[in-house]
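What follows is a single structure, written as structure tokens, with notes after it.
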Amino acid sequence: MSTAETDAQIINPDMPDVPPHAPSKINLKDYKKPSFDVETIDLDIKLFETYAQIDSVLKMVRQTTGDLVLFGEDLELLMVKMNGSQLGTEDYQQQAGKLTISDAPNEVTLEIQVRICPQTNTALEGFYMAGSGDDTMFVTQCEPEGFRKITFYPDRPDVLAIFTTRLEADKRYPTLLANGNLVEAGEVTDEPNRHYAIWHDPTNKPSYLFACVVADLDVLTDSYKTSEGRNVLLEIYAKSADIDKCDVGMQALKDAMKWDEVNYGRAYDLDRYMIVAVSQFNMGAMENKGLNIFNTACVLSSPETTTDARSFSVKAIIAHEYFHNWTGNRITCRDWFQLCLKEGFTVYRDQSFSADQQSSAVQRIDDVATLRAHQFSEDAGPLAHPVRPESFVEINNFYTTTVYEKGAEIVRMIANTLGQEDFRKGTDEYFRRYDGQAVTVEDFLSALSITDNKIEDFIDWYRQPGTPVVSGHQNYDSATQTLTITLSQQTRHVSGFDAPKPLPIPVATALFDKDSGNIIAERMLLLDQATQTFACEDVASEPVVSLLRDFSAPVQLNYDYQDEDLAFLLTHETNGFNRWQVTQMLVNRILLQGQGSKSSPDVYLQALAQTLPRLAADDAMLAARLLDIPSAQELASAINKNYDPELIKAQREALYQQVAEALKDQWAGLYEQLPMQSYEDSADARGTRALRNVVLDMALTANVNGAVEWAEQQYNNASCMTERFGALKAMVNHQVTNADEYLADFYERFQENDLVIDLWFSVQASADTVSTDVIQSLLEHQDFDWNTPNRVRSVISAFSSQPTVLWTQEGLEIYTGVIKKLDDANPVLASRLLQTLARWNTLVEPRRQMAHNKLLDLQKHAASKHVIESLESVLKA
Ligand code: PHE
Ligand code: ZN
């Protein structure tokens, strides 16, 4: 029993065992079809100064026996009529967020009137106001269960309906948008200050894809002609000051539309596609049918204000939301347990799209680095869950990197196993079979199995939590000229789940001839048992084996390489991803020396010194990645006990220093080789800028003569934000004498631009030298804003990247204080921030005990079911 319950019982001994407010669990195995379907819903949304009134008409038809159930939260119910007659409170039950009508006839028309208050909705779910003062707008966020905060409705993804939406508001808000096509717009009779618009969406959709916007926005317009000949109007809506930052997103949208036609045969299906930028948003963006709503950070981009990395992710997110039109909207999820069905597949699709916009090796490196830093650590800790969870209290807590990124890895393994042609046949079949339906992961696998059912075993990847560890070694027999590779797999047993079974693990492998450095064989080894031996014949001499090429499965690899083998592969691998992967293995070995590894940095440093000059000229972006040292969080994710943040930090810094000094003679030459040029958004130009920033930081680390001046000049003469911010960041991290002046200058220059000011906050909060005093003063800064998640994250998430500061008494005091503060106002955000603390149990004492106490203290105050559920999981460690 948790402490909170114990306390409550001491205060009130009559309290039942399970308090009445205890959040209840929902289980996949309890899934039941809804008893009623909705054919059409007509919504009339009238926005007034202090509230909104929502009138809805639902045409419902019985599907199976059972009650008619509507969900509703934070609604003031004014009226409900069934088939023309008004219902009294005796005609329905209303409790725990549900309105239930028993014995309803088979055909029902419900008329419902409710009142809500978007002006005070800080949760950013349902219908809410963004902005403040004279600068406000109103938007919806319905996924996953926000529609029930707008009106009573069977708010579940397997209820699909045709929506017609009338919006009415003061003319102060000229922009009135909803899903689908604009049918009519005009003035409200007898109310000269008010106007309305009526939208009709011809596609059947679940309520989580509903959206509307009431605002005063400018619009960037374009058009696209689909492969089916449809002329689509494309619109991006933003505040007038931001409308000049929408071109990148618009181009990405057109590229994504084309890409989906070419690669999946999917064309867009409406006459209009709208994107709206909003500054207050909990997530990145939302794929509402025909009316995407985007966090400004994920749609606005301009060279002067946006870094290359950000801009690249803007394009990826635009593509992601667009791809949802087929994988998510036209084919949707039967229930929220199937979230990975739309998210895993769509992430796989956006990663493939991005891989076509830059070097595919770099794309793979970035995706794998994210997976390792975040998903592996989630899978290693108390929040571990299957890609398709089996139960939840609050579905918002399951928008995780496991569902998204590991979900994408499964689709990737399936695609690679089938091969391009059969995968395409399978996805064609999926779209053909399930268009317009709400389906499950099993349905997905069954459609993909049309050419070959070997992929049906992949279902276990969806069911089993934990990251498999693949270990192996090789044996060469010169007499028979046979190489045998023995691989075995092991997954930790996560409590609450069945004992793990072996999964199908594709291990892409190449054999390299030691003398020539050439590939002599390529094989896809399918490891699907606990241990397996694979034999390769006709191998004239013992080769170097390169495994898990392109990261062919989301596993940890433990192969008995010699350091020299890894150095060999760093030079000879043709697979760019694997060149990076072997440097990461070398780095890990050096860093984990305390834990029994005896690798010396020399082999690694020599290989780097040899590789870098050539690579810098050939592929600057890849060269920049080869200098990566895994983040403190990624290193921590591999440590299960006595994790000492100070030690890890010291080891990382020492190695970084060694690299910087070992290559000290190269930095000046490299920096000159990468001159600043006028801005261009090409893969080459981005690579040059990325490498230049890395080289600058290395030069500052090694105290190269003149490096401080390089930084100052780069800042002052920057042609774009990547250059300016790269220089600023280096100056802040290295505490160069004038760093504060440059910070002040940066603030001056960009104080009108919230997204750049987010960078200003985060560069300070994530600095290697940050202290809790700095964090505290940033939280008290006049521009800090608790109601804007981007701003909260720019300080709080940034600071959690410094574990030596986070895991202290004061650090945790601040961090848990923020969660407490947001718990009531914005529980989705509070709970997400809390999930960062999941690995407290691995800490070395006394940090561990201290963290435990702070979490227990937080539990006494926890209010939302989001935070309660996350805390319970985190504490069960
Ligand atoms: N479905 C959105 C996406 O991945 C994410 C999201 C979830 C946004 C919940 C808002 C709320 O594209
Ligand atoms: Zn998505």
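Computed from the coordinates by the stated procedures, all read-outs in this text should not be read as laboratory data. Computed from a predicted model, the values in this text were never measured in an experiment. Here the Cβ positions follow ideal geometry from the backbone for every residue, glycine too, while neighbour counts run over all protein chains shown.
Out of every Cα pair in the stretch 38-216, what percent are spaced more than 25 Å from each other? Please list the in-between numbers first.
Working: 4981 of 15931 pairs.
Pairs farther apart than 25 Å: 31 percent.
Using the alpha-carbon centroid of each, what span in Å lies between the stretch 723-744 and the stretch 640-696? First find each Cα centre; the distance between them is then 16 Å.
Relative to the longest principal axis of the Cα atoms of the chain, the long axis of helix 601-618 makes an angle of roughly 70 degrees. Kirkwood hydrodynamic radius computed over the stretch 396-524 comes to 17.5 Å, based on all pairs of distinct alpha carbons.
Report the percentage of all Cα-Cα pairs in the stretch 272-429 whose separation exceeds 24 Å, rounded to a whole percent.
Result for the distance tail: 37 percent.
Which value in Å does the Kirkwood hydrodynamic radius of the stretch 709-863 take, with 1/r averaged over all unlike C-alpha pairs and then inverted? Write down the numbers at each step before the final one.
On the way: mean 1/r = 0.0604 Å⁻¹.
Value: 16.6 Å, from the Cα pair sum.
Taking loop as defined by DSSP and a crowding limit of 14 other beta carbons within 10 Å, which GluC sites (Glu not before Pro) in the stretch 614-719 fit? Each step should come with its number before you reach the end.
On the way: sites: 634, 646, 653, 661, 672, 680, 709, 712; in loops: 680.
Of the GluC sites (Glu not before Pro), the ones in loops of the stretch 614-719 whose Cβ has at most 14 other Cβ atoms within 10 Å are 680.
Mean sequence separation of contacting Cα pairs (under 8 Å, at least six apart), scaled by the length of the chain, corresponds to a relative contact order of 9 percent.
Could you give the distance between the Cα centres of the stretch 229-295 and the stretch 393-462, to the whole Å? When both Cα centres are located, 25 Å separates them. Show log10 I(q)/I(0) for the stretch 412-454 at q = 0.19, 0.20, 0.28 Å⁻¹, two decimals, from a solvent-free Debye sum over equal Cα scatterers. Listed by q, the Debye log ratios stand at -0.49, -0.54, -0.97. The coefficient of translational diffusion for the stretch 192-257, derived via Stokes-Einstein from the alpha carbon Kirkwood radius under 37 °C and 0.692 mPa s, stands at 226 µm²/s. Sequentially through the stretch 146-151, phi angles give Karplus couplings (6.51, -1.76, 1.60; θ = phi - 60°) of x, 4, 5, 8, 9, 7 Hz, Gly and Pro residues having no value and appearing as x.
For the stretch 322-333, 3J(HN,Hα) computed residue by residue from phi via the Karplus equation (6.51, -1.76, 1.60; θ = phi - 60°) reads 5, 4, 4, 3, 9, 9, x, 8, 5, 10, 10, 8 Hz, glycine and proline entered as x.
If neighbour count is taken as other Cβ atoms inside 10 Å, put 337, 784 in order from fewest to most. Please report the intermediate quantities before stating the final value.
Details: 337 24, 784 16.
Listed from fewest to most nearby Cβ atoms, that is 784, 337.
Near the amide H of residue 278, within less than 5 Å, lie the amide hydrogens of 294, 295, 296, all on another chain or at least 5 residues away, with H placed in the peptide plane. Taking amide hydrogens as placed 1.01 Å from N in the peptide plane, the amide H of residue 179 sits under 5 Å from those of 211, each at least 5 positions away in sequence or on another chain.
Here is the list for the stretch 150-243: trypsin sites (Lys or Arg not before Pro) lying in DSSP coil, each with at most 16 other C-beta atoms within 10 angstrom of its C-beta, are 171, 172, 230. Taking packing as the residue-averaged number of other Cβ atoms within 10 angstrom, the listed peptides 458-464, 528-534, 383-389, 114-120 run from highest to lowest as 383-389, 458-464, 114-120, 528-534. Extending 7 Å from the Cα toward the beta-carbon at both residue 263 and residue 529 defines two label points whose distance is 3.7 nm. Checking the a/c ratio against 1.5 first, then a/b against b/c, what shape does the Cα gyration tensor give for the stretch 217-333? Here the stretch 217-333 falls in the prolate category.
Please report 153, 196, 476 as a ranked list, fewest other C-beta atoms within 10 angstrom at the top and most at the bottom. Numbers along the way, then the final one.
Numbers: 153 24, 196 19, 476 15.
By the 10 Å Cβ count, ascending: 476, 196, 153.
Residue by residue, the stretch 228-244 carries 3J(HN,Hα) couplings of 8, x, 7, 8, 10, 7, 10, 9, 10, 9, 8, 4, 4, 5, 9, 5, 6 Hz when phi is fed to the Karplus relation 6.51 cos²θ - 1.76 cosθ + 1.60 (θ = phi - 60°); x denotes Gly or Pro.
Here's how it looks for residue 305: its modeled amide H is under 5 Å from those of 721, which are all 5 or more places away or on a different chain.
For the chain, the longest principal axis of the C-alpha atoms and the axis of helix 809-825 are separated by about 30°. Here the translational diffusion coefficient of the stretch 337-466 follows from Stokes-Einstein with Rh set to the Kirkwood radius across Cα pairs; for 37 °C and 0.692 mPa s it amounts to 216 µm²/s.
Can you pull out the GluC sites (Glu not before Pro) in the stretch 21-86 whose DSSP state is coil and whose Cβ has at most 13 other Cβ atoms within 10 Å? Walk me through the numbers before you get to the answer.
Details: sites: 39, 49, 73, 76; in loops: 49, 73.
Those that pass, being in a loop and sparsely packed, are 49.
If you wrap the stretch 328-376's Cα atoms in a convex hull and average its projection over all directions, what's the area in nm²? Spelled out: convex hull of the Cα atoms, projected over all directions, averaged, 4.1 nm². Ranked for footprinting exposure by Cβ neighbours inside 10 Å, fewest first, 797, 870 give 797, 870.
Relative to the dominant Cα principal axis of the chain, helix 645-662 is inclined by about 50°. Rg of the Cα atoms in the stretch 624-663, relative to 2.2 N^0.38 Å, amounts to 1.26.
Which value, in Å to one decimal place, does the Kirkwood hydrodynamic radius take for the chain when every pair of different Cα atoms is included? Its Kirkwood hydrodynamic radius stands at 29.1 Å.
Calculate the all-directions average of the projected area of the stretch 476-628's alpha-carbon convex hull, and give it in nm².
On the way: hull surface 43.1 nm².
For the stretch 476-628, averaging the hull's shadow over all directions gives 10.8 nm².
If packing is taken as the mean number of other Cβ atoms within 10 Å per residue, what is the order of 288-296, 87-95, 28-36, 309-317, highest first? Working shown, then result.
On the way: 288-296: 25.4, 87-95: 12.1, 28-36: 13.7, 309-317: 20.8.
By packing density, highest mean first, the sequence is 288-296, 309-317, 28-36, 87-95.
Distance between the C-alpha centres of the stretch 817-843 and the stretch 502-547: 44 Å, rounded to the whole angstrom.
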